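Notes follow once the structure below has been shown.
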């Protein structure tokens with residue numbers, strides 16, 4: 001009798017422990033599980049979101065899928081048919097999985113599988129799955145200077161903004177990949193470049209003659225890769241003779257301009273006439289009365305005398 005009571009007590013304890021861990025006998029409730037709660041998929045490739053019914057008593061449970069993006073839910077599977085933007089791109093597979101034929105970047109969201117079983121004591125369960133769609137990079141935009149001078153600094157740039165996750169960048173010189181750290185490769189140990197794999201920048205602190213050649217950049221993530229067309233960069237020595245000749249030519253031009261300006265000042269080219277200076281080109285005018293010529297005055301005098 002005592003042994004029987006102890007066995008019953010153990011059975012009750014096991015049931016309580018089993019229930020506390022969330023494991024309820026199949027006759028008492030519906031239980032769901034999934035293979036992966038975080039799912040990655042490549043764009044334009046199929047992916048299946050699993051919603052497995054571990055236990056259930058109801059013969060025809062109600063199954064629904066919802067898509068939650070930016071906190072806003074919308075139906076994916078409702079009233080026994082695919083709905084929303086997956087209407088022609090997905091199907092429900094037994095027992096309650098969703099198969100997406102060709103995923104797109106817009107499918108990145110959270111998906112919730114809900115199962116309601118009216119004949120079960122626990123009549124509802126749900127599972128939340130996060131789907132992230134990888135996007136292959138497009139051809140990056142590369143910027144390579146056409147010509148630089150030995151000893152100067154310069155930067156080559158590479159940018160791609162379509163890929164997801166954000167791609168990592170690699171640089172190639174004459175079809176050979178540049179190591180991330182040149183100090184670890186004997187061939188590039190004397191190079192002064194540095195590569196930023198996150199931003200795509202290739203910087204040279206001091207350009208060498210050996211740095212001349214063709215460059216292209218490759219953007220890569222888990223979905224794929226793409227690279228730009230090779231672009232040529234020439235490296236020139238410092239042209240001391242050319243700089244000297246240019247400086248001499250500039251000095252000659254400055255000297256000629258100075259001499260011409262001095263000559264013009266000396267010869268009054270820039271002389272401005274003062275308002276107080278008399279103008280000798282015009283006869284001076286007075287306020288005196290013009291009596292005519294001397295003969296006319298003499299004739300008048302004679303005529304008056306005769307009368």
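None of the figures in this text is laboratory data; all of them are computed from the coordinates on show. It should be emphasised that the depicted structure is a prediction, and the values quoted were computed from it without experimental measurement. Note: ideal-geometry Cβ built from the backbone for every residue, glycine included; neighbour counts use all protein chains shown.
Tell me, what is the FRET efficiency for residue 181 and residue 45 to the nearest 0.05, using R0 = 41 angstrom and their Cβ-Cβ distance as r? Could the numbers behind the result be given before it?
Working: r = 35 Å, r/R0 = 0.85.
Calculated value: 0.70.
Thinking of segment 22-134 as a set of Cα atoms, what percent of all their pairs are more than 16 Å apart? Don't skip to the answer; put the middle values down first.
On the way: 3632 of 6328 pairs.
In whole percent, the long-distance tail amounts to 57.
Is segment 150-197 rounded, prolate or oblate when judged by the Cα gyration tensor, a ≥ b ≥ c being the square roots of its eigenvalues, rounded requiring a/c under 1.5 and prolate requiring a/b larger than b/c?
prolate
Just from the alpha-carbon atoms, what are the Rg and Dmax of segment 82-156 in angstroms?
24.4, 82
Using the Kirkwood radius over Cα pairs, work out the Stokes-Einstein diffusion coefficient for segment 141-236 at 20 °C and 1.002 mPa s, in µm²/s as a whole number. The partial results should precede the final answer.
Details: Rh = 13.6 Å.
D, rounded to a whole number, is 158 µm²/s.
Would you calculate the separation in nanometres between label points at residue 37 and residue 58, each defined as 7 Å from the Cα along the Cα-to-beta-carbon direction?
2.4
Please list the radius of gyration and Dmax for segment 51-111, considering alpha-carbon atoms only, with Å as the unit.
When restricted to Cα atoms, segment 51-111 yields Rg and Dmax of 12.2, 38 Å.
Based on the Cβ-Cβ distance from residue 174 to residue 198, what FRET efficiency comes out when R0 is 22 Å, to the nearest 0.05?
On the way: r = 25 Å, r/R0 = 1.11.
For R0 = 22 Å, the calculated efficiency reads 0.35.
Which parts of segment 45-67 would a label at residue 78 reach, counting a residue when its backbone N lies under 17 Å from a point 7 Å out along Cα-to-Cβ?
Under cut-off, by backbone N: 62-67.
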